[in-house]
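Since the structure comes first, as structure tokens, the remarks are kept for the end.
The values are calculated or read from the model by the stated rules, or taken from the named source; none is laboratory data. Everything numeric in this text was worked out from a predicted model, so none of it was measured. Here Cβ is always computed from backbone atoms with ideal geometry, including for glycine, and neighbour counts include all displayed protein chains. Remember, those area values only see protein heavy atoms, side chains included, never the ligands or the DNA or RNA. Shrake-Rupley method; radii C 1.70, N 1.55, O 1.52, S 1.80 Å.
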Amino acid sequence: MAITRIACDVKDLALADRGRLRIEWAAQQMPVLARLRERFQKEQPLKGLRLAACLHVTTETANLAVTLRDGGAQVALCASNPLSTQDDAAAALVNDFAIPVFAIRGEDKDTYYAHINAALDTHPHITLDDGCDLVHTAHTARKEILSGVRGGTEETTTGVIRLRSMAREGVLAYPVIAINDAFTKHLFDNRYGTGQSTMDAIMRATNLLIAGLTVVVAGYGWCGRGIATRARGLGAHVVVTEVDPTRALEAAMDGFRVLPMREAAAIGDVFITATGNKNIIVREHFERMKSGAVLANSGHFNVELDLPALEKLAKSKRTTRDNVEEYTLADGRKLFLLGEGRLVNLAAAEGHPASVMDMSFANQALSVEYLSRHASELEKKVYPVPEEIDRQVARLKLASLGIQVDALTPEQQRYLASWSEGT
Ligand code: NAD
Ligand code: ADE
């Protein structure tokens, strides 16, 4: 029998057995994706397509990659963050599923981009991105591949912001579907997924008792409200910081204390940023913090905490536990940084639970199928996930949970479409 060597750069193929078992475990919680996989196996809607996917390399992503492969596509996968790769899942994808993977947990910046380039070397017809680094690379260093790309998908808020900026400037070379903006994505993944996995990561890394602590959450968007709610559920006093007046008001009426970061800095025990913006916690805030304060970020990039300022303020630094760095400041105070300031839920835990990624990745699979049929009809713009796909994902997820809902009667449909009936 001929043995085909799969192109890859992963940490250690000997981790594959453990990875395969964990991929199977995640699959049990991904019934919607499983249904799509069955249909894809029969119908082969992606036959002949090359896909380059830049996603967090987790057991959930592994199930998406296998679904796309079973739909007939050739898939190459690289990491969308240097610290989010699960090396065992990466090994299993190569060893057991023959999917090329270029991702190693802890890779440096050069390797990170070398891996993105390796995925782009496959000359994809469709790109899947999480944060827009692959699309950015394709539009700058790898322009020669752009003419072959028909369309793409983007998983997260920060990536969609970058893509909209590209579209505004007229540089986006192909249509991209904003998966993040589907209701069945951000209402669940960003809120419940980030909420639970962020608190999970902080507890795994520190083993702190959250009850009674003051937890400061920066940003009351979909991720921030999920984190704030879960921190409150664990017994924390939660303070929210915001810049958007409506969202600040929502936080206040949801029962959270809302403060400017300058004031919150002095009272917080744990700080969690989830804004998608930069320099949320800076020198003046570090200077006001209590000794022992824990710093974590769950936003896409490691720019929310001003790490260069923290490095400058520190007189020494050491790793005290896995994913915990202790910074000792000149006045003797100690601040603890989790997961190098990268998205803590993936750096110090396993990312969102499979059950919620089931919906995000069903949107991905169906949007890739949609692009395979309709990309040529689309302009070089950012598109929402087609409403029918979003609703289909909700229906399938409800069915998998055994939840039934009512349906509008014809009389109710007419009533909701008319203006004639009043008091
Ligand atoms: P969002 O747009 O819904 O919310 C961001 C909020 O931050 C907004 O309300 C905004 O007003 C606020 N904000 C901006 N600048 C601020 C500042 N200086 N101070 C305080 N608040 C500020 O976005 P989201 O969907 O919640 O995503 C937030 C980030 O998390 C993005 O980077 C996104 O890509 C990322 N994300 C991470 C995960 C994960 O697994 N960790 C999952 C989904 C999204
Ligand atoms: N983003 C957040 N959690 C994730 C997970 N488990 N897999 C892939 N991407 C994610």
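Data for the structure
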item	result
Cα Rg, Dmax, the stretch 56-215, angstrom units	17.0, 56
16 Å reach of a label modelled at Lys278, 7 Å along Cα-to-Cβ, counting backbone N of the stretch 340-360	342
Efficiency of FRET from Cβ geometry, Met253 and Ala114, R₀ 41 Å, rounded to 0.05	0.25
Heavy-atom accessible area ranking, 1.4 Å probe, most first, across Trp25, Trp222	Trp25, Trp222
Normalised convex hull volume, the stretch 178-317, alpha-carbon set, Å³ per residue	110
In the stretch 190-293, trypsin sites (Lys or Arg not before Pro) in a DSSP loop with at most 15 other beta-carbon atoms within 10 Å	Lys278, Lys290
Accessible area of the stretch 181-239 belonging to carbon and sulfur atoms, whole % at 1.4 Å probe	58
Sparsely packed trypsin sites (Lys or Arg not before Pro) within the stretch 108-181, loop by DSSP, other Cβ within 10 Å at most 16	Arg142
Distance (nanometres) between label positions extended 7 Å along Cα→Cβ at Glu311 and Ser400	4.2
Per residue accessible area in Å² of the stretch 329-386, where ligands, DNA and RNA are left out and the probe is 1.4 Å	35
Exceeding the 25 Å Cα-Cα cut-off - candidates Lys278/Lys334; Lys11/Lys185; Lys290/Lys312; Lys11/Lys334; Lys109/Lys317	Lys11/Lys185; Lys11/Lys334
The stretch 8-148 - Debye-derived log10 I(q)/I(0), Cα point model, q = 0.13, 0.15, 0.18 Å⁻¹	-0.51, -0.68, -0.97
Protection-proxy order for peptides 73-81, 304-312, 319-327, each taking the mean of Cβ atoms within 10 Å per residue, highest first	73-81, 304-312, 319-327
Theoretical FRET efficiency, 1/(1+(r/R0)^6), r = Cβ-Cβ of Arg39 and Asp322, R0 45 Å, to 0.05	0.65
Heavy-atom accessible surface of the stretch 1-118: percent carbon and sulfur, 1.4 Å	51
Listed residues Thr423, Thr184 arranged by accessible area, highest first, probe 1.4 Å	Thr423, Thr184
Accessible-area composition of the stretch 343-397, carbon plus sulfur, in percent [1.4 Å probe]	49
Inverse of mean 1/r across different Cα pairs in the chain, Kirkwood, Å	22.5
Accessible surface, the stretch 1-109, averaged per residue in Å² (probe 1.4 Å)	45
Extension gain from Ser291 to Leu187, taking 0.36 nm per residue of separation minus the Cα-Cα distance	33.9 nm
Within the stretch 1-70, GluC sites (Glu not before Pro) in DSSP loop having at most 16 other beta-carbon neighbours inside 10 Å	none
Kyte-Doolittle mean at least -0.5, axial Cα span of 24 Å or more - DSSP H helices of the chain	354-374
